[in-house]
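What follows is a single structure, written as C-alpha cells, with notes after it.
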Amino acid sequence: MDRKDFKIENTAITIFCSEKADSPLILFNSFNSDGAEIVDMLSKMDTPDFNFLNVKVDDWNHYLSPWNCPSLYHSEPPFDGDADEFLSLIEKTVIPEALKLINGSPSYIGISGYSLAGLFALYAICKSDIFDRAASMSGSLWFPDFVEFFKTNLKRKPSKIYLSLGDKESSVRNRYLKTVKDKTVELYESVKEQGIDCIFESNPGNHFFEPDKRCAKGMAWILSDNR
C-alpha cells in the first residue's frame, strides 16, 4: 500500500492507499498512532482490498464527545461535547482530501474507532449520511444518554455495525464505566431490531488489553461482506 502523510488544521493524517481502484475507505480516529500496525494486521487477515485513513486526534475529550459530560476522574478534564465541530472537519475537509489521493472512488466509506473514538464512530452515523459502515471497538457507550440518542437518530441505515467489549471492562467502581456492558448490549439489540447486520463480540481483558488487535478484528468484519 502507498502511504501518504499530511496535516489539516494541525491534525496529523496518514492514508494508506490500495493499488486496486474503487476499494472501500475506512476512517480510523486514533490517539497517538499512525495506524501502521493495524494496517499490517489487516494485511495478514482475509480481508478485501481497502484504503485506510488514520486521523490522529489530540484532544479526545474535546473533539470526540457528543455533548458535555463531567470528567470520569478528578485528574482528568471534562468532556466538552465538540464532536459536531470535528465531524464537520472530517466531512468537509479530511475526506475530500483523502478522495483525491486514492485510486478511483471508494465503493463505500466506513468509520471506526476505539474507546471514545468508537463512540464517535456511532455518533457520526447518526449525524452524517456519508458512512455506510461503522466499527466501535470497546466503545465508550457508557456515555450518558448516548444509547437513547442513537436509537432514534440514525441518519441512514448502515450496512454493517461492529461492536466489541473486553469481558472485564464493566468490572470497575466508576458509576459511568460500570454500565458499559449493559449499554453496549442495549444498543446492539436496538441495531438488530432495525434489521442492520451487526455483531457484538466479547474479547478477553480490560479496556487497555490488545487495542490494536481488537481494532483489526472489528475492521476486518465490516470489510468482509461474507461474515
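Only the coordinates and a few stated rules stand behind these numbers; no lab work does. Since we're looking at a predicted model, the values are computed, not measured. Backbone-built Cβ (ideal geometry, glycine too); neighbour counts: all protein chains shown.
Some observations on this one:
- GNM flexibility winner over the chain from Leu116, Leu25, Leu42 (Cα, springs under 10 Å): Leu42
- Within straight-line cross-link reach of Lys155, lysines at Cα separation under 23 Å, skipping those fewer than 8 residues along the same chain: Lys92, Lys127, Lys183, Lys192
- For region 2-223, projected area of the alpha-carbon convex hull averaged over all directions, nm²: 11.1
- When the Gaussian network model of the chain links Cα atoms closer than 10 Å, the mean-square fluctuations of Tyr114, Tyr162, Tyr176 top out at Tyr176.
- By average C-beta atoms within 10 angstrom, highest first, the peptides 122-133, 163-174: 122-133, 163-174
- On Cα atoms only, tilt of 116-127 relative to the major axis of the chain in degrees: 70
- Most simply put, the chain has about 30% antiparallel DSSP beta bridges, counting only bridges with both residues inside it.
- GNM on the chain, alpha-carbon springs under 10 angstrom: the most fluctuating residue among Leu141, Leu87, Leu101 is Leu101.
- Antiparallel content of DSSP bridges confined to region 1-122, in %, to 5: 50
- Span from the region 5-41 Cα centroid across to the region 159-227 one, whole angstrom: 22
- Put the Cα centre of region 130-153 next to the Cα centre of region 48-85 and the gap is 13 Å.
- Think of it as helices only: each DSSP H run of n ≥ 4 in the chain is worth -39500 (n - 2.57), and spread over all residues that comes to -9000 deg cm²/dmol at 222 nm.
- Averaged over residues, the count of other Cβ atoms within 10 Å places the peptides 88-95, 205-212 in the sequence 88-95, 205-212, highest first.
- Rounded to the nearest 10 degrees, the inclination of helix 180-193 to the longest alpha-carbon principal axis of the chain is 60 degrees.
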